1. Take residue 92 and decide whether it is farther than 24 Å from residue 149 by Cβ and touching a helix residue (DSSP H, G or I) at 6+ places or on another chain (Cβ under 9 Å).
2. Could you go through region 310-332 and let me know if any residue there is more than 30 Å from residue 285 (Cα to Cα), in a loop (DSSP other than H, G, I, E, B) and more than 25 Å from the chain's Cα centre (by Cα).
3. Of the residues that sit in region 225-251 and are assigned to a helix (DSSP H, G or I) and touching a helix residue (DSSP H, G or I) at 6+ places or on another chain (Cβ under 6 Å), which one is modelled with the highest pLDDT?
4. When region 90-114 is examined, which residues are found to be part of a strand (DSSP E or B) and surrounded by fewer than 22 Cβ atoms within 10 Å (Cβ to Cβ)?
5. Going by the conditions given, is residue 254 on the phi > 0 side of the Ramachandran plot and at pLDDT below 80?
6. Check region 282-290 and report whether any residue there is under 24 Å from the mean Cα position of the chain (by Cα) and either under 23 Å from residue 350 (Cβ atoms) or buried (at least 19 other Cβ atoms within 10 Å of the Cβ) (or both).
7. Going by what's in this entry, would residue 62 be described as surrounded by 14 or more Cβ atoms within 10 Å (Cβ to Cβ), in a strand (DSSP E or B) and either at pLDDT 90 or above or touching a helix residue (DSSP H, G or I) at 6+ places or on another chain (Cβ under 9 Å) (or both)?
8. With respect to residue 264, is the statement that it is in contact with a strand residue (DSSP E or B) (Cβ under 6 Å, 6 or more places away or on another chain) and at pLDDT 90 or above true?
């Protein structure tokens with residue numbers, strides 16, 4: 001059981017975005033960069049943001065990452081076709097998405113995440129909203145923001161519709177879909193920003209997007225610089241008491257995690273494999289140094305623990321851990337990892 005959970009976690013790292021607000025002609029790199037930046041610029045003030053190049057994800061990343069598991073790749077393609085056939089919505093026609101989360105601490109170890117996603121592509125915003133209204137069978141209401149209309153649907157209805165349309169993909173993925181919809185609490189709102197751009201999320205967040213009174217802070221958007229052409233990039237302001245989200249028995253480890261002020265990263269695909277990069281910015285340089293030393297210690301333990309294993313998957317994990325590059329400069333610590341395609345094939349091939 002532990003091994004299967006580890007395998008799924010490793011796959012989830014590579015496939016991040018497929019269950020979120022994910023969604024193929026490939027524009028030039030400069031065009032992708034401009035579009036990603038433009039969509040993030042439309043988000044309201046957010047504690048965490050993500051840019052997602054859905055064209056590259058479906059055209060390049062997904063086929064490459066899942067090349068060793070043709071049944072899974074085929075199943076995803078069939079489900080995308082089913083969504084298109086049943087709803088008239090082809091998720092592959094979206095070029096890119098920007099997602100913004102407002103994070104509120106409810107209890108010591110509990111946080112609420114209030115999302116909004118902005119999607120743009122080869123779509124007709126008005127037609128998609130009309131389809132959603134028909135699917136809701138009249139169970140929605142309208143609110144106005146200036147000349148624009150927000151359509152508000154019950155999240156329970158949305159969850160049922162998604163589960164019926166997407167089919168069953170396994171307990172872990174089904175649970176993730178449910179949790180994603182639960183993020184909208186009681187309602188899900190949708191509105192057209194323009195003819196080929198939609199905003200979807202909680203009513204408050206969609207309203208804030210249309211009003212445009214607040215924007216994502218430069219402290220967060222600056223962290224995305226240079227990552228715009230990646231398949232996925234993210235940046236967030238770490239919530240206070242972040243260590244309480246993870247069950248930890250080590251006070252020093254918890255203190256290191258709580259010293260993190262900002263986190264950012266990206267995922268991309270290249271000919272050699274899949275690259276992952278994560279950076280953390282701490283309040284003080286000595287805190288970043290402490291995190292760097294902690295990661296290096298864990299790297300040594302991981303290589304030692306898995307290095308002599310005869311199992312193919314554990315040999316892969318040992319190589320991944322050993323090849324990770326950990327760097328520390330001033331109050332920044334970064335971890336860069338290039339997972340070779342043959343190693344990805346071993347991980348993905350083991351997932352049923």
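1. So residue 92 fits the description; yes.
2. yes
3. 242
4. Across region 90-114, the qualifying residues are 102, 103, 104, 105, 106, 107, 110, 111, 112, 113, 114.
5. Considered against the rule, which asks whether it is on the phi > 0 side of the Ramachandran plot and at pLDDT below 80, residue 254 comes out as no.
6. yes
7. Criteria not met by residue 62.
8. So residue 264 passes the test.
The values are calculated or read from the model by the stated rules, or taken from the named source; none is laboratory data. These numbers come from a predicted model, not from an experiment. Methodologically, a virtual Cβ is constructed for each residue, glycine included, from the backbone with ideal geometry; neighbour enumeration extends over all protein chains shown.
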